[in-house]
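Taking it in order: structure first as structure tokens, then the write-up.
The values are calculated or read from the model by the stated rules, or taken from the named source; none is laboratory data. None of these values were measured; they are calculated from a predicted model. Backbone-built Cβ (ideal geometry, glycine too); neighbour counts: all protein chains shown. Keep in mind that these areas ignore ligands, DNA and RNA; they rest on the heavy atoms of the full protein, side chains included. Shrake-Rupley method; radii C 1.70, N 1.55, O 1.52, S 1.80 Å.
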Amino acid sequence: MTSLVDPAAPAPPAPRRAPGPARRYRLAGLDMRYSPYLYIAPFFALFAIFGFFPIVYTVYVSLFDYDLLAGTKEFAGLANYQAVLADAQFWNATYNTVGMFLVSTVPQLLLALMLANLLNRTMRARTAIRMGILIPNITSVAAVGIIFGMIFADRYGLASWLLEAVGVDPPAWRDSRYASWFAVAFMVDWRWTGYNALIYLGAMQAIPKGLYESASLDGASRWRQFWQITVPLIRPTILFTIIISTIGGLQLFTEPLMYGYGQPRGGANNEFQTLAMYIYEQTFTGSFRYGYGAAMSWLLFLMIIVFALVNFLMVRRSVKGDAK
């Protein structure tokens with residue numbers, strides 16, 4: 001009898017065996033071990049391209065006498081850093097930056113703390129008010145700068161008119177150092193107070209209500225409850241906002257630039273020129289000193305790191321104190 005199977009035909013493939021329990025366990029272990037790294041890899045890839053590489057390249061450029069307009073580049077070593085540290089205008093910009101940071105940040109965080117305490121109480125239209133205080137933060141910075149530049153105009157500004165109405169001679173808002181600081185700080189506070197208030201409000205709502213009820217039964221007033229219960233319990237949040245405000249304050253650029261009508265000099269005699277404005281002026285306008293601007297940028301970065309580390313140590317000490 002003739003066989004129906006062709007002996008020259010290839011043998012059918014063997015059926016695939018399902019992975020055993022040991023193999024499945026190994027695959028699950030690899031998935032648990034390496035999947036988190038794959039999930040966060042896009043962030044670190046973008047950070048390496050747009051964050052880490054510019055920092056490293058700035059250090060490299062700062063070691064050269066680099067003319068951005070001519071395209072010439074000669075190795076200069078630490079000469080740019082020595083020139084920056086001997087530059088009186090650099091220290092003037094540093095003084096303006098730190099001064100405007102203090103004038104704007106301290107009142108801003110205090111007002112935000114008080115505003116959050118009011119919003120934490122029961123009141124009508126509480127949700128609408130909470131949404132309303134965030135509107136300045138979503139407004140265009142350029143529009144804010146233009147509007148406040150008109151408010152603090154030297155001759156026909158609203159601020160000058162109000163001062164004259166009460167019999168006070170208005171200052172030269174752009175030719176006086178401290179008057180210009182106040183104007184820029186007012187602009188920054190108007191924009192960021194509501195944002196910080198909502199952060200404080202979120203921390204306040206996490207405090208157990210029973211603590212306030214017990215304090216009320218003991219006869220503590222609302223003011224005493226605020227300083228002895230609310231503020232100590234949200235201390236880490238307060239220090240967090242200090243860190244964020246410090247980083248933003250030392251990088252202050254758009255508000256004073258728009259206040260000075262787009263001129264990076266910051267007034268006729270650099271009354272309100274910040275470090276970021278001076279870096280922009282030296283790098284992209286006039287002299288086009290790319291290496292010099294890179295050296296200043298790196299020094300500003302180190303300054304921010306120092307302030308951030310100081311605040312971090314304060315947070316760590318505060319948390320340890322609360323734990324004890």
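Pairs needed: first member in the stretch 180-192, farther than 13 Å from Leu257 by Cα and in contact (Cβ under 8 Å) with a residue 40 or more places away in the chain; second member anywhere, assigned to a helix (DSSP H, G or I) and acidic (Asp, Glu); C-beta distance under 8 Å; at least 6 residues apart or different chains.
Arg191/Glu255
Can you tell me which residue among Gly77, Gly99 is out of contact with any Pro (no Cβ under 6 Å at 6 or more places or on another chain), within 19 Å of Met296 (Cα to Cα) and outside any helix (DSSP H, G or I)? Give the steps one after another, and end with the answer.
Working: Gly99 fails: outside any helix (DSSP H, G or I).
Result: Gly77 is the single residue among Gly77, Gly99 that is out of contact with any Pro (no Cβ under 6 Å at 6 or more places or on another chain), within 19 Å of Met296 (Cα to Cα) and outside any helix (DSSP H, G or I).
Kindly indicate whether any position in the stretch 222-242 is touching a helix residue (DSSP H, G or I) at 6+ places or on another chain (Cβ under 7 Å) and more than 23 Å from Arg130 (Cα to Cα).
no
Restricting to the stretch 97-156, what's the tally of residues that are over 16 Å from Leu198 (Cβ atoms), surrounded by 12 or more Cβ atoms within 10 Å (Cβ to Cβ) and not aliphatic (A, V, I, L, M)?
11
Could you say whether any residue in the stretch 85-92 is more than 25 Å from the chain's Cα centre (by Cα) and more than 30 Å from Gly293 (Cα to Cα)?
no
Just to be sure, is Pro256 over 30 Å from Gly77 (Cα atoms) and surrounded by fewer than 20 Cβ atoms within 10 Å (Cβ to Cβ)?
Numbers: over 30 Å from Gly77 (Cα atoms): yes; surrounded by fewer than 20 Cβ atoms within 10 Å (Cβ to Cβ): no.
No: the conditions fail for Pro256.
Here is a list of conditions, (1) modelled with pLDDT of 85 or more; (2) of a type outside the set (Asp, Glu); (3) in a helix (DSSP H, G or I), and Leu252 meets all of them except one; can you say which number that is?
Condition not satisfied by Leu252: (3).
Residue-wise test of (1) in contact with a Ser or Thr (Cβ under 8 Å, 6 or more places away or on another chain); (2) farther than 30 Å from Gly149 by Cα; (3) open to solvent by 50 Å² or more (accessible area, probe 1.4 Å); (4) of a type outside the set (Ser, Thr, Tyr).
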position: Val168; (1), (2), (3), (4): no, no, yes, yes
position: Ala172; (1), (2), (3), (4): no, no, no, yes
position: Arg177; (1), (2), (3), (4): no, no, yes, yes
position: Val184; (1), (2), (3), (4): yes, no, no, yes
position: Ile207; (1), (2), (3), (4): yes, yes, no, yes
position: Tyr212; (1), (2), (3), (4): no, yes, no, no
position: Ala215; (1), (2), (3), (4): no, yes, no, yes
position: Arg224; (1), (2), (3), (4): no, yes, yes, yes
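Out of the stretch 226-250, which residues are over 15 Å from the mean Cα position of the chain (by Cα), hydrophobic (A, V, I, L, M, F, W, C) and either within 16 Å of Leu198 (Cα to Cα) or open to solvent by 10 Å² or more (accessible area, probe 1.4 Å) (or both)?
Trp227, Ile229, Val231, Leu233, Ile234 - these are the residues of the stretch 226-250 that are over 15 Å from the mean Cα position of the chain (by Cα), hydrophobic (A, V, I, L, M, F, W, C) and either within 16 Å of Leu198 (Cα to Cα) or open to solvent by 10 Å² or more (accessible area, probe 1.4 Å) (or both).
Being under 19 Å from the mean Cα position of the chain (by Cα), open to solvent by 90 Å² or more (accessible area, probe 1.4 Å) and not acidic (Asp, Glu) narrows it down to one of Phe75, Phe52, so name that one.
Details: Phe75 fails: under 19 Å from the mean Cα position of the chain (by Cα).
Being under 19 Å from the mean Cα position of the chain (by Cα), open to solvent by 90 Å² or more (accessible area, probe 1.4 Å) and not acidic (Asp, Glu) holds for just one of Phe75, Phe52, which is Phe52.
For (1) in contact (Cβ under 8 Å) with a residue 40 or more places away in the chain; (2) in a helix (DSSP H, G or I), each residue gets a yes or a no:
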position	(1), (2)
Phe226	yes, yes
Pro236	yes, yes
Leu239	yes, yes
Ile247	yes, yes
Pro264	no, no
Glu271	yes, no
Tyr278	yes, yes
Thr283	yes, yes
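Can Tyr66 be described as among the hydroxyl-bearing types (Ser, Thr, Tyr), part of a strand (DSSP E or B) and closer than 30 Å to Ile279 by Cα? Spell out how you get there, then give the answer.
Details: among the hydroxyl-bearing types (Ser, Thr, Tyr): yes; part of a strand (DSSP E or B): yes; closer than 30 Å to Ile279 by Cα: yes.
Yes; evaluated as a whole, the condition is true for this residue.
Restricting attention to the stretch 280-296, which residues are buried (at least 24 other Cβ atoms within 10 Å of the Cβ) and under 20 Å from the mean Cα position of the chain (by Cα)?
Met296
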